[in-house]
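Q: One structure coming up, written as structure tokens, with questions to follow.
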Amino acid sequence: MVTRSVTKELISLSKQFKAIAIVGPRQSGKTTLARSVFPGKKYVSLENPDTRQFAVEDPRGFLGQYPEGAIFDEAQRVPELFSYLQQILDDSREQGRFILTGSNNFLLQENISQSLAGRIGYIFLLPFSTEEVRLFLGEFQSIESSMFRGGYPPIYDNPISPDRWLPNYIRTYIERDVRQLKNIANVNAFERFIKLCAGRIGQLLNLNSLATETGVDGKTIASWISVLESSFIIYLLKPHHKNFNKRLVKMPKLYFYDTGLACSLLGISKIDYLDTHPLKGSLFENYVLSDLVKERYNKNEVFNLYFWRDNVGNEMDVVVDNGTDLYPIEIKAGKTITSDYFKNFLFWKKITGSERGTVIYAGSETQIRSNGLKVVPWNNITDNLNSISIS
């Protein structure tokens, strides 16, 4: 079993807060992480109908069975517990007493904000990062294999073919999680919608266009987008607000947390199909950006990633906002370094005066250019993240 990168932060938070919430998509390894880090705590799955009924009907009696604390899996399933947990935590000085896991961020946060605000620390656990996959396999995969397989642990644990596991994951997600969040009557329209989202990776989110192609109204699309966000299927990268006297786009860009899931939704059933697929570049950009997101969540850092684009198309793929300065990153799917990789930095220097920046690409060579720009391979981001973030 791989020691997850977030483990150190999880242990640290458990010494500072009376309860911890581990939140992330289904099958991202939340239960395995909680049970491995807290082996002495009793484990309770609130997916079990009998256990859930007991917790709903008699929350006080249910919690009374765990005076030493416990791991409550899929805690958002029993919102009745949270107000009773509040009293128990207020009467105790013990840190890390209860560990709550959840795959529905909206429902879990709603209950926590109502009852446990200030008493609970948050950990976001996403599927494996590139480094975690390397630790599991003992070597790096090819970039094509990495994008195609994605990072869901069961694909590596079993192992099972992604073209078998991922479609079943999508089907289960729609039938269980979506119905839990929203009473969606037209499941076929929602499935068409999520596939259309996969076809828009790295693009500005246009709700009207999605509504037209899906065959529902704009308000429904906005609601469905929030469903995908709260269940960790997609995330929206926001545009940075600094205008440098330019008119900026205001719409976010759409990305998936897992490129394997996106490939499955796009009908990419074999790795070889990626080579000629028109969205290969977008999927690579998504893969790299997701690794940057995972690194921040694993360290429990502030989410400070944006993109920058003006209304005439000048753009930086990623801008890291360090509070005092902005650090630009370009993501290129090619495996050979060319002068085109640095074209956008010329405009960036013109409007900011800064020569610093990093290109993350699909090749294997690392370069530090005399003009201050860096070139970093896709599978060596972790070693360079400190320089990307703060130098």
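Bear in mind that the values in this text are calculations on the coordinates, not laboratory data. Nothing here was measured: the structure is a model prediction, and the numbers come from that model. Ideal geometry is used to build each Cβ from the backbone, glycine not excepted, and the neighbour counts take in all protein chains shown.
Q: For the chain, build the charge dipole from Cβ charges (+1 Lys, Arg; -1 Asp, Glu) around the Cα centre, then report which of Ser45, Gln27, Phe244 sits farthest towards its positive end.
A: So the residue we want is Phe244.
Q: Can you work out the PRE-style zone for Tyr66? Point 7 Å along Cα to Cβ, and I want the residues of the range 7-28 with backbone N under 20 Å.
A: 10-28
Q: Please grab the % of Cα pairs in the range 46-177 that end up more than 20 Å from each other.
A: Distances greater than 20 Å cover 57 percent of the Cα pairs.
Q: Out of every Cα pair in the chain, what percent are spaced more than 29 Å from each other?
A: Value for the chain (Cα pairs over 29 Å): 47 percent.
Q: What value does the range 305-390 have for Rg/Rh, both radii from Cα atoms and Rh as Kirkwood defines it?
A: Rounded to two decimals, Rg/Rh equals 0.93.
Q: Filter the GluC sites (Glu not before Pro) in the range 100-136 to those in DSSP coil with at most 13 other Cβ atoms within 10 Å of their Cβ, and list the result.
A: Nothing satisfies the criteria.
Q: With the cut-off at 1.5 for a/c, could you classify the range 130-287 from its C-alpha gyration tensor as rounded, prolate or oblate?
A: Judged from the Cα gyration tensor, the range 130-287 comes out oblate (a/c at least 1.5, b/c at or above a/b).
Q: Continuing with the same structure: Between Ser223, Thr101, Gln87, whose Cα lies farthest towards the positive end of the dipole of the chain when Lys and Arg beta carbons carry +1 and Asp and Glu beta carbons carry -1, centred on the Cα centre?
A: So the residue we want is Ser223.
Q: Rounded, prolate or oblate: which fits the range 7-124 when a ≥ b ≥ c are the square roots of the eigenvalues of the alpha-carbon gyration tensor, with rounded for a/c under 1.5 and prolate only if a/b beats b/c?
A: Judged from the Cα gyration tensor, the range 7-124 comes out rounded (a/c under 1.5).
Q: Also, quick follow-up: Which loop-located chymotrypsin sites (Phe, Trp or Tyr not before Pro) does the range 253-306 contain, where loop means any DSSP state but H, G, I, E or B and the Cβ has at most 15 other Cβ atoms within 10 Å?
A: Hits after loop and neighbour filter: Phe303.
Q: On to the next question. Given charges of +1 on the Cβ of Lys and Arg and -1 on the Cβ of Asp and Glu, with all other atoms neutral, how large is the dipole of the chain about its Cα centre, in debye to the nearest 20?
A: 620
Q: What is the distance in Å between the Cα centroid of the range 293-335 and that of the range 181-253?
A: 20
Q: Same structure, new question: For each pair in Lys195/Lys253; Lys18/Lys42; Lys15/Lys42; Lys30/Lys294; Lys299/Lys349; Lys246/Lys374, compute the distance between the two Cα atoms and list the pairs where it is over 20 Å.
A: Violating the 20 Å Cα-Cα cut-off are Lys299/Lys349; Lys246/Lys374.
Q: Continuing with the same structure: Taking the 0 to 90 degree range and rounding to the nearest ten, how far is the long axis of helix 105-115 tilted relative to the main principal axis of the chain, both from C-alpha atoms?
A: Helix 105-115 sits at roughly 50 degrees to that axis.
Q: Sticking with this structure for a sec: Taking the 0 to 90 degree range and rounding to the nearest ten, how far is the long axis of helix 343-352 tilted relative to the main principal axis of the chain, both from C-alpha atoms?
A: Tilt relative to the chain: about 80 degrees.
Q: Provide the gained length on full extension for the span Thr212 to Val249, in nm with one decimal, where the gain is 0.36 nm per separating residue minus the Cα-Cα distance.
A: Net length gain for the segment: 11.2 nm.
Q: What is the magnitude of the charge dipole of the range 130-287 about its Cα centre, with +1 placed on the Cβ of each Lys and Arg, -1 on the Cβ of each Asp and Glu, and no other charges, expressed in debye to the nearest 20?
A: 780
Q: Report, ordered by chain and residue number, the aspartates and glutamates lying within cross-link reach of Lys343, taken as a straight Cα distance under 18 Å and ignoring same-chain residues fewer than 8 apart.
A: Lys343 reaches Glu285, Asp310, Glu315, Asp317, Glu330, Glu355.
Q: So who's got an amide H within less than 5 Å of the one on Asp317, skipping anything under 5 residues away but keeping other chains? H placed 1.01 Å off N, in plane.
A: Residues meeting the criterion, in which the H sits 1.01 Å from N, are Ile329, Ile331.
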